[in-house]
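A quick write-up on the structure given underneath.
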Amino acid sequence: MRGSVSLRDRLNTTVRDIPRSGIRDFFDIVSTMRDVISLGIGEPDFDTPWHVRESTVFALERGATHYTSNYGYLELRRALANYVRKNFGAEYNPENEVLVTVGVSEALDLALRALLNPGDEVLYHEPCYVSYRATILFAQGIPLAVETKAENGFRLTRAMLEAKATPKTKVLMLNFPNNPTGAVMSRSDLEDIAAFARERDLIVITDEIYGELTYDSPHTSIASLPGMAERTIFLHGFSKAWAMTGFRLGYACGPAELVEAMMKIHQYTMLCASSLSQKAAIEALTRPEFDVTAMVDEYRRRRNFLVASFAEMGLESHRPLGAFYAFPSVAKFGIPARDFALKFLEQEKVAVVPGTAFGECGEGFVRCAYATSLDNIREAMARLQRFIGRL
Amino acid sequence: MDELLKILQNNALQSREDIARMLGVASAEVNERIKDYEQRGVIRGYQAILNEDQLDLDKVTAVIEVKVTPQREGGFDVIANRVSRFPEVRSAYLMSGGYDLLLFVEGRSLREVASFVSEKLSPLEGILSTSTHFMLKTYKRFGVLMHQENTDERLSITP
């Protein structure tokens with residue numbers, strides 16, 4: 001506090017009343033400790049592929065340091081449309097149906113702000129990424145959380161949505177493969193959801209940032225299902241599959257009218273995504289398969305290792321099928337997830353994130369990210385076994 | 001390539017139990033499959049990857065390009081196998097392009113390698129010419145960087 005002016009009363013009430021991210025809260029505790037093995041990091045431990053980094057330096061030398069089109073370089077949008085058609089099965093016109101953004105987070109914010117009027121309802125599933133609820137509230141929407149369950153592999157069903165939807169519901173947000181649960185949706189799971197969206201005339205925003213990272217079966221995008229592209233905003237980016245988190249590069253694909261509306265907000269707030277990051281993304285798309293496949297293979301081994309370790313120590317966990325998160329249940333120890341995580345951190349110096357950071361229904365679970373070396377995972381599992389033996 | 005081989009190629013010291021967890025199979029199966037690969041000669045050995053520059057060894061390595069005349073029966077294999085039997089030759093490859101064989105030869109000194117080339121290698125029947133290059137410093141071997149430390153710039157907890 002500085003002087004006598006009370007600024008708290010002047011803040012926008014929505015912003016004032018939204019709590020800080022539970023992740024941030026936990027980070028503040030972990031960052032005071034040394035030699036912690038962290039299973040709390042939601043970004044790849046792989047380096048950004050060298051060819052991408054090298055070409056970013058080259059782009060800098062060549063002078064790619066200016067504003068780009070508001071939509072992003074056309075060359076990049078062409079490459080993106082091509083990539084999305086090939087890997088996600090949805091067609092977009094690079095001229096007006098693709099928008100390059102500052103990460104998926106910006107794209108999500110743009111999509112919600114472009115769509116919502118005050119009081120419009122947004123269906124989303126929890127546990128979910130930390131920003132969803134806040135982003136809906138910032139856009140003056142009403143968040144309707146739909147609880148997904150471990151016994152169902154944290155998948156979303158039509159019945160769950162029907163129980164929550166009202167005539168004021170306008171948007172359905174999806175995120176599969178899911179952070180924090182590692183859940184995925186099969187094609188037939190998605191067909192039910194798509195039918196629901198069509199019947200209720202909902203706009204679907206699908207965050208498929210982990211789309212490349214599935215381990216037992218290939219990913220299906222809801223945007224590729226019949227009659228869905230015209231009502232779906234597909235969001236993706238380079239953070240996970242190319243380990244480019246710091247580049248902050250995402251994109252949105254959707255019907256021209258919606259993308260145009262999103263572009264208007266983007267134009268007035270961001271102007272454009274970083275020119276260098278866009279150049280890096282062009283390079284990443286020119287030979288993506290090799291880098292991504294090797295990462296996926298490594299994540300699969302670690303996922304298997306975690307699942308086997310949980311089973312050996314009698315810790316209940318659904319089988320995570322995508323992203324790089326496991327979400328085991330710690331409910332049987334009879335203490336809140338946050339206390340479990342804090343004790344584990346204090347006693348064994350291993351960081352996991354309490355499930356409550358991802359929504360209230362995350363109580364009883366902890367998120368273990370396996371974006372860390374197998375040596376770390378092995379040691380963390382040995383400590384976890386020791387720890388729960390004492391509980 | 002088999003997942004098991006990828007894991008071993010990356011770290012052959014991984015315990016069989018850990019490999020079993022990674023593959024989602026029983027460790028007895030891992031043992032069996034490894035034994036099978038060893039018996040079939042797919043796995044021919046296990047070695048440590050050393051940063052020899054740190055060891056101050058009395059050792060020099062030369063890369064030697066060799067032009068040869070292929071034999072009437074057996075082509076390049078006869079001469080290549082013969083050359084490969086010298087213990088000084090650590091690796092030998094048949095190449096496309098301006099020369100035929102590429103050899104990695106080790107010796108205790110420049111003189112020793114030079115005498116191997118002039119006294120053992122060049123006089124062999126079928127060897128037309130050699131071109132010897134001495135290695136000065138190793139930056140990367142078997143996919144492993146030799147002079148860079150791993151740094152993790154990531155925050156300890158991220159969403």
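Here, each number is a calculation from the coordinates, and none is a lab measurement. None of the values given here were measured: they were computed from a predicted structure. For neighbour counting, all protein chains shown are included, and Cβ atoms are generated from backbone atoms with ideal geometry for every residue, glycine included.
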Rounded to the nearest 5, what % of DSSP beta bridges with both residues in the range A:188-263 are antiparallel?
50
In the neighbourhood of A:M295 defined by beta carbon distances under 10 Å, the net charge of the other residues (Lys, Arg +1; Asp, Glu -1) is -3
Paired Rg and Dmax values of chain B, which use every Cα atom, in angstrom
20.8, 67
When DSSP assigns beta bridges and you keep just the ones with both residues in chain A, what percent turn out antiparallel, to the nearest 5?
40
Rounding to the nearest 20 debye, state how big the charge dipole of the protein assembly as shown is about its Cα centre with +1 on each Lys and Arg Cβ and -1 on each Asp and Glu Cβ.
560
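Averaged across A:373-379, how many Cβ atoms of other chains sit within 10 Å of each residue's Cβ atom?
Partner Cβ neighbours, averaged per residue: 3.
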So for each of A:384-391, A:245-252 I average, over its residues, the number of other beta carbons within 10 Å; can you give me the resulting order with the highest mean first?
A:245-252, A:384-391
Taking a ≥ b ≥ c as the square roots of the Cα gyration tensor eigenvalues, with a/c under 1.5 meaning rounded and otherwise prolate when a/b beats b/c, else oblate, which class fits the range A:65-287?
prolate
Counting Lys and Arg as +1 and Asp and Glu as -1, what is the net charge of the other residues whose Cβ lies under 12 Å from the Cβ of A:V171?
+2
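Which of the residue pairs B:K6/B:K35; A:K170/A:K240; A:K240/A:K343; A:K240/A:K279 have a Cα-Cα distance greater than 20 Å in the structure shown?
Values: B:K6/B:K35 16 Å; A:K170/A:K240 29 Å; A:K240/A:K343 30 Å; A:K240/A:K279 17 Å.
Pairs exceeding 20 Å: A:K170/A:K240; A:K240/A:K343.
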At a 10 angstrom cut-off on C-beta neighbours, averaged per residue, how do the peptides A:101-113, A:224-236 rank from highest to lowest?
A:101-113, A:224-236
In whole Å, how far is the Cα centre of the range A:36-65 from that of the range B:22-99?
34
Tell me the relative contact order for chain B as a rounded percent, counting alpha carbon contacts under 8 Å between residues six or more apart.
22
Let me check against my output: what whole-number percent is the relative contact order of chain A, with C-alpha pairs under 8 Å and at least 6 apart?
24
Shielding by other protein chains, A:300-306, mean Cβ within 10 Å:
5
Round to the nearest 10 and give me the degree value, 0 to 90, for the angle of helix A:288-312's Cα axis relative to the longest principal axis of chain A.
30
So, counting K/R as plus one and D/E as minus one, what does the shell of residues with Cβ under 11 Å around A:M185 add up to?
-2
Within the range A:216-345: Cβ-based charge dipole about Cα centre, in debye rounded to nearest 20 (Lys, Arg +1; Asp, Glu -1)
360
Proximal lysines relative to B:K120, as straight alpha-carbon distance under 20 Å, when same-chain residues fewer than 8 apart are discounted
B:K59, B:K67
Roughly what % of DSSP beta bridges within the range A:65-287 run antiparallel, to the nearest 5?
30
Inter-chain Cβ neighbour average for residues B:147-157, partner chain, 10 Å:
6
Pick from A:Y268, A:Y132, A:Y325: which is most flexible by mean-square fluctuation in a GNM of chain A where alpha carbon atoms under 10 Å apart are linked?
A:Y268
Average Cα contact separation per residue, the range A:116-225, under 8 Å, 6 or more apart, as relative contact order %:
26
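Estimate the FRET efficiency between A:I29 and A:N82 by the formula 1/(1 + (r/R0)^6), using the beta-carbon distance for r and 51 Å for R0, to the nearest 0.05.
0.70
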Specify the inter-centroid distance of the range B:113-134 and the range A:106-167, based on alpha-carbon positions, in whole Å.
73
Using helices alone, I'd like the mean residue ellipticity at 222 nm for chain B: each DSSP H run of four-plus residues gives -39500 (n - 2.57), total over residue count, nearest 500.
-7500 deg cm²/dmol
For the range B:29-34, in residue order, the Karplus 3J(HN,Hα) values (coefficients 6.51, -1.76, 1.60; θ = phi - 60°; whole Hz; Gly and Pro = x) are 5, 4, 4, 5, 5, 5
Return the sequence-ordered ³J(HN,Hα) values of the range A:369-379 in whole Hz as given by the Karplus equation 6.51 cos²θ - 1.76 cosθ + 1.60 applied to θ = phi - 60°, using x for Gly and Pro.
7, 9, 7, 8, 5, 4, 4, 5, 5, 4, 5
FRET efficiency, 1/(1 + (r/R0)^6) with R0 60 Å, evaluated for A:K168 and A:A311 via beta carbons:
0.85
Order B:51-60, B:110-119 from most to least packed using the mean count of other Cβ atoms within 10 Å.
B:110-119, B:51-60
State whether chain A is rounded, prolate or oblate according to the following rule on the C-alpha gyration tensor (a ≥ b ≥ c being the square roots of its eigenvalues): a/c under 1.5 gives rounded; otherwise a/b larger than b/c gives prolate, and the remaining case gives oblate.
rounded
Dipole of the range A:1-125, positive end: most advanced residue of A:L74, A:V15, A:S38 [Cβ charges, Cα centre]
A:V15
